[in-house]
Amino acid sequence: MVKKMLKAALFDLDGVVFDTEPQYTVFWNQQCREFRPDIPGLENMIKGQTLVQIYNKYFDELKDEQKLITQRLNDFEQQMHFEYISGLREFLELLRAQGVKTAVVTSSNQPKMESVYRQRPEFKSLFDAILTSEDFEHSKPHPDCYLKAAQRFGADKSECVVFEDSINGLKSGRAADMCVIGLATTNPAETIRPLSDAVISNYDGLTMKKVTDILLLSH
């Protein structure tokens with residue numbers, strides 16, 4: 001068997017780089033209770049989807065409400081707190097020291113990322129590439145975003161590890177036929193385990209050996 005080598009680590013943003021999912025849950029709970037009270041728990045169903053996907057599927061008939069929600073979301077994201085998942089920065093330094101390329105692969109758009117850059121000016125320097133919703137033709141759970149990230153680094157899918165927390169994101173990594181490590185920050189570990197090669201709660205104590213062992217055992 002040819003030994004797999006880790007060439008690229010690909011990270012979703014919310015719930016994977018930043019511990020923001022609880023904040024989004026509060027925001028969307030308020031919007032869903034106001035505009036779609038007929039779908040209980042909708043705020044959990046839409047995790048990992050782009051705003052366009054959410055509107056098209058659940059708010060298609062509510063054009064004026066879409067504008068209001070978008071404005072509220074923009075205002076909300078200006079005030080959000082972007083706290084790194086525990087152990088992330090140390091893990092990124094470890095990857096860089098070993099020559100592993102890193103990328104953020106997120107369904108977030110550029111206006112959201114501008115909020116991130118303002119609050120976290122060091123953010124861009126932590127990763128080798130940042131891919132947002134504007135870079136993809138298809139959104140998660142389609143594999144397009146992760147395949148494009150791998151292409152950016154000239155990496156084969158067998159040389160990539162995806163870090164995801166949402167069901168759609170995990171499915172995207174799976175559809176790209178990549179090794180997937182799930183973070184139990186948004187959903188319980190037992191929920192995401194069937195879509196993950198391994199499940200972690202944060203990056204504390206995560207080593208290159210542990211990741212490469214998961215990569216070797218994946219698929």
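General remarks:
- In segment 91-107, residue nearest to residue 203 (Cα to Cα) [restricted to those that are surrounded by fewer than 18 Cβ atoms within 10 Å (Cβ to Cβ) and hydrophobic (A, V, I, L, M, F, W, C)]: 94
- Any hit, segment 66-79, residues being without any contact (Cβ under 8 Å) to a residue 40 or more places away in the chain and under 23 Å from residue 7 (Cβ atoms): no
- Qualifying residue in segment 65-72 (condition: under 16 Å from residue 14 (Cα atoms) and open to solvent by less than 60 Å² (accessible area, probe 1.4 Å)): no
- Matching residues in segment 186-196 - criterion: being crowded, with 18+ Cβ neighbours inside 10 Å and under 23 Å from residue 84 (Cα atoms): 186, 187, 192, 196
- Unique match (being in contact with a strand residue (DSSP E or B) (Cβ under 9 Å, 6 or more places away or on another chain), over 23 Å from residue 153 (Cβ atoms) and in contact (Cβ under 8 Å) with a residue 40 or more places away in the chain) among 4, 47: 47
- Remark: pairs (first residue in segment 146-169, over 17 Å from residue 214 (Cα atoms); second residue among the basic types (Lys, Arg) and surrounded by fewer than 19 Cβ atoms within 10 Å (Cβ to Cβ); Cβ separation under 8 Å; 6+ apart in sequence or on different chains) = 147/157; 150/157; 153/7; 155/7.
- With respect to the conditions (1) open to solvent by 60 Å² or more (accessible area, probe 1.4 Å); (2) under 25 Å from residue 47 (Cα atoms); (3) among the aliphatic types (A, V, I, L, M), residue 88 lacks only one, and its number is (1).
- Qualifying positions in segment 2-57 - at positive phi and modelled with pLDDT of 90 or more: 15, 41
- Residue in segment 202-214 that is at pLDDT 95 or above, open to solvent by less than 60 Å² (accessible area, probe 1.4 Å), over 22 Å from residue 94 (Cα atoms) and more than 15 Å from the chain's Cα centre (by Cα) present: no
- In segment 44-66, the count of residues that are part of a helix (DSSP H, G or I), more than 16 Å from residue 107 (Cα to Cα) and hydrophobic (A, V, I, L, M, F, W, C) is zero.
- Just one of (1) farther than 24 Å from residue 142 by Cα; (2) open to solvent by 80 Å² or more (accessible area, probe 1.4 Å); (3) under 16 Å from the mean Cα position of the chain (by Cα); (4) not acidic (Asp, Glu) fails for residue 79. It is (3).
The values are calculated or read from the model by the stated rules, or taken from the named source; none is laboratory data. Since we're looking at a predicted model, the values are computed, not measured. Reconstructed Cβ throughout: ideal geometry from the backbone, glycine too, with neighbour counts over all protein chains shown. Note: accessible area is taken over every heavy atom of the protein model, side chains too, but ligands, DNA and RNA are not part of it. Shrake-Rupley method; radii C 1.70, N 1.55, O 1.52, S 1.80 Å.
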